[in-house]
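The values are calculated or read from the model by the stated rules, or taken from the named source; none is laboratory data. These numbers were taken from a predicted model, which means no experiment stands behind them. As a convention, Cβ positions derive from the backbone with ideal geometry for all residues, glycine included, and neighbour counts pool all protein chains shown. SASA here: full protein model, heavy atoms, side chains in, ligands and nucleic acids out. Shrake-Rupley method; radii C 1.70, N 1.55, O 1.52, S 1.80 Å.
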Amino acid sequence: MTNTTSPFPEGFLWGGATAANQIEGAYNQDGKGLSVQDVLPHGLRSPRTPAPTPDNLKLEAIDFYHHYAEDIALFAEMGFKVFRFSIAWSRIFPNGDDKEPNEAGLAFYDRVLDELEKHGIEALVTLSHYETPLHLADAYGGWTDRRLINLYERYARTLLERYGSRVKYWLTFNEINSLVHEPFMSAGIPETEQLTEQDLYQAMHHELVASARATRIAREVAPNAKIGCMIIAMPIYPLSPSPQDAAAVMDLDHSNLAFGDVHTRGAYPGYFLRAMKEKGIELNITDEDRKDLTNTVDFVSFSYYQSVAHTSDPAKLIRGEGNIMGGVPNPTLETSEWGWQIDPIGLRLVINQFWDRWQKPLFIVENGFGAKDQLVDVNGVKTVIDDYRIAYLNDHLVQVGEGIADGADVIGYTSWGCIDLVSATTAQLSKRYGYIYVDRNDDGTGSLERFKKKSFDWYAEVIRTNGATLQG
Ligand code: BG6
């Protein structure tokens, strides 16, 4: 049934999301330094390489660096109100610890913003999306080193001063809770045998302080900017109705929610301090850190792809194939070709949980379906008949509407990979999310030509009708 009245409020920010390392390419042009992504040719499937290698698709990606005007024009054709992209830290500070920023890097994002403004599209900028400058990983040990707080502060200040009057929405760290699961990709932390949980949680603390400092700086230099945190949302279901499983779910949920709690409440919650104590971890937290943390965010953003199950029974604690958080497979759900469990209702659940818990505007900044696409010829026009993607997005958006009807203040939705890009976990191009097909293959061949998929027109219609055409 089609909605006749849409639950989506007027001014809802419809759009799409990307990250620099997954679209830009030009990995060493105009003064850009290396980032951790330039040495992860196979994503999380194999270890880093000492230097960039030709099999790394991210080095050229979809060459957004040279196609941005064409791509933004296509986003405008779909009616985007907002476009999420990240700024590559190593394009601005090539080594991360340089004294002065690289003007050519800054000028590139000026051009991107010019183009967005031309089409009336709002920018949503992620400061750090799995792109720590490689030098900070190699010479500092990534975010385990407290000095990164000041280096990030310099970077954040540079961006907020330069673009603060043009960019309203900012995210400090992409999926900040991924740090403890994927230390190198998420936080530039070398995954050596010496790495301890103490190191990881100290790094988490450094990022939380850095995030709060960015918020503080924004208040000073960009008063109209709205700062958000960004976390992986993952509803967790008990595998059985036993109280033991419910308690295990609560503990696992807490380990995620801690990141949002600190960002929205300005201090560590009791359950987190208890967990640290029980792990024998003593965090180095200064008085200045505590003060910094009180700079809480304006809104909470999150990615949502899937839910998981959890159990207290070690024999049943099997890790699913899903995204970087892992989790026990839920026998009631179907999965994508990459083993990610499909659960639209889970999105309504997290919207409600986050809204009830934090009472801050919510922004869904990632959601989407990675699938293999077949380029076909329809009446002489090349396209992809991606009904599977339309179904996934429709069903999730219907649940966003339910969450809004439940009373949550959801301000926007940017589907992930609005144009095909290189996957983060597997570094493939064949894992496609886009409304726009990009002719590039896993072996690096392809013309880079762009083609509209069936979902392109579908999403344009959803945006035009503010969600009224969704099929509930
Ligand atoms: C999120 C990341 O975890 O999931 C994105 O923020 C990533 O960078 C997205 O691309 C989808 O994951 P994947 O592995 O399919 O690219």
Notebook entry, point to check: Extent of segment 380-429 along each principal axis, from alpha carbon coordinates, in Å, largest to smallest?
Noted result: 43, 30, 15
Notebook entry, point to check: Once the whole set of protein chains is in place, how much accessible area is left on PHE12, using a 1.4 Å probe, in Å² to the nearest 10?
Noted result: 10 Å²
Notebook entry, point to check: Each residue of segment 32-41 in order: what ³J(HN,Hα) in whole Hz does its phi give by Karplus 6.51 cos²θ - 1.76 cosθ + 1.60, θ = phi - 60°, with x for Gly and Pro?
Noted result: 5, x, 7, 10, 4, 5, 6, 10, 10, x
Item checked: Dipole axis of the chain (+1 Lys, Arg; -1 Asp, Glu on Cβ), positive-most option in TYR268, THR469, VAL180 -> TYR268
Next item on the list: Can you bin segment 178-243 into rounded, prolate or oblate? Criterion: square roots of the alpha carbon gyration tensor eigenvalues sorted a ≥ b ≥ c, rounded for a/c under 1.5, prolate for a/b above b/c, oblate for the rest.
Entry: oblate
Item checked: Convex hull per residue volume in Å³, alpha carbons only, for segment 283-422 -> 180 Å³
Item checked: Virtual spin-label span in nm between SER46 and ILE281, 7 Å along Cα→Cβ -> 3.1 nm
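Rolling a 1.4 Å sphere over the protein heavy atoms, what is the accessible area per residue of segment 276-419, to the nearest Å²? Please report the intermediate quantities before stating the final value.
On the way: 6280 Å² over 144 residues.
Solvent-accessible surface per residue comes out at 44 Å².
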Item checked: Cα-based Rg of the chain normalised by 2.2 N^0.38 Å, two decimals -> 0.92
Next item on the list: Work from the charge dipole of segment 160-265 (Cβ charges, +1 for Lys and Arg, -1 for Asp and Glu, about the Cα centre) and give the residue of ILE227, VAL167, TYR237 farthest towards its positive end.
Entry: VAL167
Next item on the list: Count charges around ASP439 for me, please; just the other residues with Cβ under 14 Å from its Cβ, Lys/Arg as +1, Asp/Glu as -1.
Entry: -4
Note to self: Sort 227-236, 23-32 by packing, meaning the average of other beta carbons within 10 Å per residue, with the highest value first.
What the structure shows: 227-236, 23-32
Margin query: Hydropathy at least -1.0 by Kyte-Doolittle, axial extent at least 30 angstrom from the Cα trace: which helices of the chain, defined as entire DSSP H runs, fit?
Written below: 197-221
Checklist line | Cα-based Rg / Dmax (Å) for segment 303-373 | finding: 13.6, 40
Next item on the list: Enter the mean projected area of the convex hull around the alpha-carbon atoms of segment 1-139, in nm², rounded to one decimal.
Entry: 11.0 nm²
Notebook entry, point to check: Counting only protein heavy atoms, what percent of the accessible surface of the chain is carbon or sulfur at a 1.4 Å probe?
Noted result: 51 percent
Check: Taking N as the number of residues in segment 372-466, what is its Cα Rg relative to 2.2 N^0.38 Å?
Finding: 1.21
